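A quick write-up on the structure given underneath.
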Amino acid sequence: MTVIDFSAFIGRLATASGETILPFFRTSLSIDDKSKTKDFDPVTEADRAAEAVMRRLIKANFPQHGIVGEEFGNEREDADYVWVLDPIDGTKSFIGGFPIWGTLIALLHKGAPVFGMMHQPFIGERFSGDNGSANYKGPSGERRLQVRRCASLSEATTYTTSPLLMNERDRAIFGRIEKGARLSRYGGDCYSYCMLAAGHVDLVVETELKPYDIAALIPIVTGAGGVVTTWEGKPAQGGGRIIAAGDARVHEEAMKLLNG
């Protein structure tokens, strides 16, 4: 199949998952805590139901493909094509009634992300990319996504979901970024990366991400002209400590601070 064929199928996955999730949003729903530590890691019926419907569609159409999902584990990880699913990235926003969450769908070929989509069904927005280009579709129409130029960190707007998610050492290191940036904001989860691809944010710095938190966002950011790596400058699809920048100059400057 071609990338175009796969993108059409990913659209089907997004539609099916969105139709499954929306009846739960801003309702009284049960919330479980997956964390084995003091950190709250919520999961809801909506997370599980959305991943289940996407898995059924994938298995029915591509039984030879692998699946990596947040809620139901991994199957056939060694397959040439592997789907990486996060049914609700930003569950804490979801349970709070804020629409700053999205469904992340990635397709990996031989371990590398080749297509990704972030779908926000409540707002009706889709951000997608294939590393070569990135696109937006939503209430304001359709358009190509393009990062904005930013010459230095001192001119940059930077986001992280929360410094409280970082360990003490990484939080102190991130403080160097905050001190040097023009504006630092918290929250966003997957939306921060999409706003970077759309040219509204310049830098996103995170830690302790899982593959399903980042795999779908890499083709969107790189397709819009941005850069996504680990703090060590390695490929980011495995998760961990992640840095995404719209301008390579800001990425380079931030990397020096993170590793200084």
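The values are calculated or read from the model by the stated rules, or taken from the named source; none is laboratory data. Because the structure is a prediction, the values reported are computed rather than measured. When we count neighbours, we look across all protein chains shown, and the Cβ atoms used for this are built from the backbone with ideal geometry, even at glycine. The accessibility values were calculated without ligands, DNA or RNA, using every heavy atom of the protein model including side chains. Shrake-Rupley method; radii C 1.70, N 1.55, O 1.52, S 1.80 Å.
Brief remarks follow.
- Residue selected from region 143-156 under the condition of a type in the set (D, E, K, R) and over 15 Å from I220 (Cα atoms), by the criterion least open to solvent (accessible area, probe 1.4 Å): E155
- Of R48, R56, all but one fail to be more than 16 Å from G111 (Cβ to Cβ) and more than 20 Å from the chain's Cα centre (by Cα); the exception is R56.
- Residues satisfying the stated conditions in region 239-260, i.e. farther than 17 Å from S192 by Cα, modelled with pLDDT of 95 or more and open to solvent by 50 Å² or more (accessible area, probe 1.4 Å): A248, R249, E252, E253, K256, L257
- Sole exception among (1) within 17 Å of G175 (Cα to Cα); (2) modelled with pLDDT of 95 or more; (3) surrounded by fewer than 21 Cβ atoms within 10 Å (Cβ to Cβ); (4) not basic (K, R) for G199, by number: (1)
- Test: residue in region 159-169 that is over 14 Å from the mean Cα position of the chain (by Cα), outside any helix (DSSP H, G or I) and of a type in the set (V, I, T): no
- Total residues in region 209-227, condition open to solvent by 10 Å² or more (accessible area, probe 1.4 Å) and over 19 Å from H251 (Cα atoms): 4
- Among residues of region 72-100, those that are of a type in the set (S, T, N, Q) and surrounded by 17 or more Cβ atoms within 10 Å (Cβ to Cβ), counted: 2
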